[in-house]
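Q: Here it is: the structure, laid out below.
The values are calculated or read from the model by the stated rules, or taken from the named source; none is laboratory data. None of the values given here were measured: they were computed from a predicted structure. Reconstructed Cβ throughout: ideal geometry from the backbone, glycine too, with neighbour counts over all protein chains shown. SASA here: full protein model, heavy atoms, side chains in, ligands and nucleic acids out. Shrake-Rupley method; radii C 1.70, N 1.55, O 1.52, S 1.80 Å.
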Amino acid sequence: MQPSDTFLEVRDLHKSYPAKKGLGKHVDFVAVDEISFEIERGETWGLIGESGSGKTTTGRMVMALEKPTGGVVTLGGVDVTRMAGTELRRFRKRMQIVFQDSGSTFNPRRSVGDQIAFSIVRHGVVESDRTRSRVVELLERVGLTEAHYDRYIHELSGGQRQRLGICRALATEPDFLLLDEPTAALDVSVQAQILNLLKDLQAERGLTMLLITHDLSLVEYMCNRAGVLDKGKLVEQGDVDDLFTHPRSAVTRTLLDAVLDPTLPAPDPTIDRSTQ
């Protein structure tokens with residue numbers, strides 16, 4: 001990998017919390033233990049781990065939602081871990097999250113269109129008189145319609161809510177998306193639609209993405225490379241095909257054994273995955 005290809009770099013990232021261990025003794029609970037990985041521009045990189053492995057904490061530090069105890073996260077050559085205040089708020093337009101249940105992040109008392117418009121106005125993406133039309137463009141791009149602008153989140157299905165979450169993430173025209181279990185709350189019939197939408201948007205916009213999940217079938221479909229996190233340690237990383245064919249860690253083998261009936265569409269053999 002050439003240095004110029006690296007868009008997101010995580011180097012020696014560490015997070016520990018003080019904890020009490022009987023008789024007044026204090027020890028540190030290590031949530032993330034000096035992990036390092038790099039994501040190329042335009043790539044989707046998978047961070048795989050079971051519940052409690054530290055993947056959510058890692059994601060929060062990558063997004064500068066939580067300060068690391070040690071280590072560095074750089075995005076497009078900018079050290080995110082050193083940012084704060086106004087500088088960080090301005091930079092956030094370049095990095096957005098698609099949550100597991102995007103509907104829970106919307107205010108139930110305001111229309112979804114107004115909430116997406118707020119992000120556009122706050123970051124000055126377009127002139128104020130073009131805000132509504134810009135929101136409608138985004139709604140239509142994720143498979144919704146102008147009629148959804150004035151709807152409330154409780155009126156929408158799970159798949160529609162997730163499309164709205166993607167829509168709001170795109171509102172600031174980011175370079176980087178963190179996908180936090182983006183299809184875990186969806187019916188199987190809807191999962192592939194959302195993943196295909198994300199792949200199409202990535203190709204159109206040159207997005208770089210970090211997929212956080214415990215589901216290896218998602219990683220196989222979305223990623224070329226991935227890493228496996230276990231108890232805060234990155235136990236292995238590399239090409240997805242190699243990880244799944246020749247797993248070197250017990251946790252990877254356990255996760256592979258749990259994939260009983262993959263229902264996602266198989267990768268198209270005509271597609272060169274090295275360019276995805």
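Q: Just to be sure I understand the rule: take each whole DSSP H helix in the chain, project its Cα atoms onto its long axis, keep it if the span is 20 Å or more and its mean Kyte-Doolittle hydropathy is at least -0.5. Which ones pass?
A: 188-205
Q: Measuring from a point 7 Å past the Cα of Phe118 along Cα-to-C-beta, which residues in the range 151-167 have an amide N at less than 19 Å?
A: Residues passing the 19 Å test: 151-156, 161-167.
Q: If you take the beta carbon distance between His14 and Thr86 as r and set R0 to 30 Å, what does 1/(1 + (r/R0)^6) give as a FRET efficiency, to the nearest 0.05?
A: After rounding, the FRET efficiency stands at 0.65.
Q: I need the calculated FRET efficiency for the pair His154 and Lys25, taking r as the beta carbon distance and R₀ as 30 Å, to the nearest 0.05.
A: Result of the calculation: an efficiency of 0.05.
Q: Expected output is a single nm value to one decimal: the length gained when fully extending between Ala184 and Arg109, i.e. 0.36 nm times separation in residues minus the C-alpha distance. What is it? Present the calculation step by step, with values, prior to reporting the outcome.
A: On the way: separation 75, 0.36 × 75 = 27.00 nm, distance 2.54 nm.
Answer, rounded to one decimal: 24.5 nm.
Q: Take peptides 243-252, 204-213, 124-133 and line them up by average Cβ neighbours within 10 Å, highest first, as a rough protection proxy.
A: Per-residue Cβ counts within 10 Å, averaged per peptide and sorted highest first, yield 204-213, 243-252, 124-133.
Q: While we're here: Would you mind working out the magnitude of the charge dipole of the chain relative to its Cα centre, with +1 at each Lys and Arg C-beta and -1 at each Asp and Glu C-beta, to the nearest 20 Debye?
A: 1280
Q: For Leu65, tell me the accessible area in Å² from a 1.4 Å probe, rounded to the nearest 10.
A: Leu65 has an accessible surface of roughly 80 Å² with all protein chains in place.
Q: When the Cα centres of the range 144-168 and the range 86-111 are compared, how far apart do they sit, in Å?
A: When both Cα centres are located, 14 Å separates them.
Q: If I model the chain as equal point scatterers sitting on the Cα atoms and use the Debye formula, what is log10 I(q)/I(0) at q = 0.10, 0.12, 0.13, 0.14 Å⁻¹?
A: Values, matching the q order: -0.54, -0.78, -0.91, -1.05.
Q: Give the accessible area for Lys67 in Å² (nearest 10); use a 1.4 Å probe, count only protein heavy atoms, and leave out ligands, DNA and RNA.
A: So the heavy atoms of Lys67 present about 110 Å² to solvent.
Q: Additional query: Can you list residues from other chains, or at least 5 along the same chain, whose modelled amide H is less than 5 Å from the amide H of Glu236?
A: Under 5 Å from the amide H of Glu236 lie the amide H atoms of Val228, each far enough along the sequence or on another chain.
Q: Taking the Cβ-Cβ separation of Arg253 and Ser36 as r and a Förster radius of 30 Å, what is the calculated FRET efficiency to the nearest 0.05?
A: So, using R0 = 30 Å, E works out to roughly 0.85.
Q: Does the range 64-188 come out rounded, prolate or oblate by the C-alpha gyration tensor, with a ≥ b ≥ c the root eigenvalues, rounded set by a/c under 1.5 and, if not, prolate when a/b is larger than b/c and oblate if not? Numbers along the way, then the final one.
A: Values: a/c = 2.27, a/b = 1.43, b/c = 1.59.
Oblate.
Q: A further question follows. Give, in nm to one decimal, the length gained when the segment between Ala192 and Lys231 is fully stretched (0.36 nm per residue of separation minus the Cα-Cα distance).
A: Length difference between fully extended and current span is 11.1 nm.
Q: What are the aspartates and glutamates whose alpha-carbon lies under 12 Å from the alpha-carbon of Lys231, with same-chain residues fewer than 8 places away excluded?
A: Asp33, Glu34, Glu50
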